[in-house]
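Throughout, read-outs are computed from the coordinates displayed, never taken from laboratory work. Just so you know, these numbers come straight off a predicted model, no measurement behind them. Neighbour counts run over all protein chains shown; Cβ positions are idealised from the backbone, glycine included.
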């Protein structure tokens, strides 16, 4: 090989070795995370009205999911929602309108997974979503 060709080949090898590899694997994607799109709900979660709602729900299901009087549970739920609204300077009937589907949803959730009532945290996770 000629000296020029050898020098050119050596220079090309040096450049190739110094260049980044094009076949590198991309960085691993981050693990998926559950996000709460409603923002910080801690004021609601820590409010005594919602702990009372948890206790109402536990009492409602105490005799078993087949013995739940859904109309009575809804009426008691709405009473708590009104009290919550009044305690925070909101219009009670607007709060009931905002939360009107919650009692039925909670009944469905607890019937599907009774462990929701084993702790307030489980109840919060099931009703508010992961925090």
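Protection proxy ranking for 118-130, 60-72, using the average of other Cβ atoms within 10 Å per residue and placing the highest first: 118-130, 60-72. Does the stretch 34-118 come out rounded, prolate or oblate by the C-alpha gyration tensor, with a ≥ b ≥ c the root eigenvalues, rounded set by a/c under 1.5 and, if not, prolate when a/b is larger than b/c and oblate if not? Oblate.
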